[in-house]
Amino acid sequence: MSDRFIDDLRGALPQGAVLTGADIDARYHHDMSGNPVPKPRAVVRPKTTEQVSALLRLCHREKVPVTTQGGMTGLVRGALPNADEIVLSMELMNAIEEVDISTGVVIAQAGAVLQKLQERVEQDGFMFPLDLGARGSCTIGGNISTNAGGNRVIRYGMTRELVLGLEVVKADGTVLHGLRKYIKNNTGVDLKHLFIGSEGILGVVTRAALRIFPAPAERQVALCALPSFPHVAALLRLARKHLGGALTAFEVMWNEYYRLTIERVKGVTGPLPTHHPFYVLFEASGGDAERIQADIERLLELAMGEGLILDATISTSHASAAALWRIRDSSVELGRTLAPRAGFDVSLAIDRMEAYALALDKALKQVDGASFAVVFGHAGDGNLHVTVRYTDGPDRHHQVEELVYGITGQFGGSVSAEHGIGILKRPYLKMSRTEDEIETMRALKRALDPHRILNPGRIFTM
């Protein structure tokens with residue numbers, strides 16, 4: 001990348017849009033993984049789709065690679081720039097442009113922070129159901145790029161189900177104007193799905209039309225203690241049957257997660273004793289507060305009568321509901337107390353989760369007798385998060401990664417449930433995708449980005 005190219009960028013974009021040298025803040029080469037990379041040659045901060053288009057036209061012409069950044073909350077090194085890349089930061093394209101309550105749609109720019117969008121639609125009595133622990137810093141563009149999941153997938157689906165339309169800039173600067181506000185649109189290939197979950201390798205999302213829903217009048221949260229994983233699965237079946245569409249979330253925590261979170265994370269209190277084998281946090285929501293409360297109470301009575309649960313508590317206010325969710329949302333804080341550690345998010349069939357966790361624990365002990373796994377996750381949609389605490393040693397982190405992903409493959413699971421592949425999980429993509437599938441992804445990359453300038457090396461190599 002020549003100095004002339006930097007000059008061309010400055011000439012094509014408004015003053016102050018291109019940062020170099022000492023003007024590049026550390027946040028552009030750090031992310032939540034905690035492993036910074038060298039400072040990029042330049043950071044470009046556009047304010048409009050037209051400016052993104054101008055940037056990519058230049059990069060396409062000169063074959064300069066670009067990495068797109070949002071809130072930098074990723075865990076797979078997907079947004080950290082490589083040495084020869086410039087950074088395209090979406091932080092100034094953060095407007096929430098329109099809230100249309102008549103059709104239940106919000107139009108937002110890609111740099112809008114998830115929590116800001118949630119709070120904005122709440123002003124009109126609506127909710128945007130995508131929700132995850134990084135809500136205060138992750139961005140809509142990043143959520144779309146990774147097809148984020150989170151806490152309410154069991155009812156509302158992944159990000160993919162919440163996107164009605166996208167505005168996308170292709171690698172050559174062409175703008176795809178697909179920002180439509182309706183659900184039914186059978187007019188050929190639905191192009192938006194090429195870009196949702198593709199981690200920015202096919203195009204840069206600049207604006208999105210997203211589904212919003214009337215905010216429920218009531219949200220009830222319950223925390224239960226259970227004696228075994230089969231009891232967890234049975235409680236899920238019972239909850240689906242008796243709560244139906246009101247069931248918003250169903251989270252499972254193995255004993256180690258619940259106990260260590262209560263013991264180690266400041267400000268978190270546990271309303272139930274810490275010696276039970278499993279804990280389930282579930283949420284129900286709807287428009288009839290009395291009915292929601294009555295349905296949950298009856299569900300717990302039935303579960304207690306059938307011996308599925310050992311103990312339980314129900315939220316009595318917004319504050320108590322938040323306190324219960326705080327236990328489940330403290331995974332990042334807990335992880336910081338477990339170093340050295342390795343974190344994983346996997347998907348597998350619910351009826352294989354217990355056997356998977358047991359096989360993982362057995363295999364870990366054979367590699368490192370002092371290691372242990374902390375397991376928790378969104379049981380209702382088959383997603384488990386695993387944090388492995390291990391004894392430091394030569395190449396131990398790599399050993400643990402190969403072990404966990406190898407067992408995930410043996411159980412027919414996905415090596416990434418919601419965090420994406422990025423660069424860190426790239427060697428393990430073959431555990432969950434066939435070579436024909438990966439080659440089809442490469443064909444899409446060649447067609448849409450022939451010079452391979454968009455987030456190169458993410459997901460797979462060419």
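Here are some notes:
- Net dipole in debye of the chain [+1 Lys, Arg Cβ; -1 Asp, Glu Cβ; about Cα centre; nearest 20]: 720
- The slack between H242 and A319, meaning 0.36 nm per residue of separation minus the straight C-alpha distance, is 25.2 nm.
- Compared with the rule-of-thumb size 2.2 N^0.38 Å for a compact globular protein, the chain has a Cα radius of gyration ratio of 1.01.
- Taking region 218-331 and dividing mean pair separation by its residue count, relative contact order in percent (alpha carbons under 8 Å, at least six apart): 46
- Here the contact order of the chain, divided by its residue count and restricted to Cα pairs under 8 Å and six or more residues apart, works out to 15 percent.
- With the simple model of a label 7 Å out from the Cα in the direction of the Cβ, T20 to L302 spans 6.7 nm.
- The length gained on full extension between A359 and K266, counted as 0.36 nm times the residue separation minus their Cα-Cα distance, comes to 30.3 nm.
- Extension gain, D84 back to Q410 (0.36 nm per residue minus Cα-Cα distance, nm): 113.6 nm
- Ranking A110, I86, A379 by how far each Cα lies toward the positive end of the dipole of the chain (charges on Cβ) leaves I86 at the top.
- Ranking T313, N186, I96 by how far each Cα lies toward the positive end of the dipole of the chain (charges on Cβ) leaves N186 at the top.
- Over all distinct Cα-Cα pairs of region 218-331, the Kirkwood formula returns a hydrodynamic radius of 14.0 Å.
- Per residue, the average separation of C-alpha pairs within less than 8 Å and at least 6 apart gives region 1-126 a relative contact order of 22 percent.
- Taking the Cα centre of region 218-331 as origin and assigning +1 to Lys and Arg Cβ atoms and -1 to Asp and Glu Cβ atoms, the resulting dipole is close to 280 debye.
- Extreme residue, positive dipole direction of region 170-297, given options I262, F195, T174 (C-beta unit charges): T174
- Placed amide H near A249: partners under 5 Å, 5+ positions off or other chain: E283
- When F229, F213 are arranged by Cβ crowding within 10 Å, least crowded first, meaning fewest neighbours, the order is F213, F229.
- Cα-Cα P(r), region 338-413, percent of pairs per 5 Å interval: 3, 17, 31, 26, 14, 7, 2, 0
- Cα centre as origin, Lys/Arg/Asp/Glu Cβ charges: region 96-214 dipole, Debye: 220
- Think of it as helices only: each DSSP H run of n ≥ 4 in the chain is worth -39500 (n - 2.57), and spread over all residues that comes to -10000 deg cm²/dmol at 222 nm.
- Amide H partners (placed H, <5 Å) of Q69, local residues excluded: L88, S89, M90
Where a number appears in this text, it was derived from the coordinates with a stated rule and is not lab data. Predicted, not measured: the structure shown is a model, and the values here were computed from it. Glycine also receives a Cβ, built like all others from the backbone with ideal geometry; neighbour counts cover every protein chain displayed.
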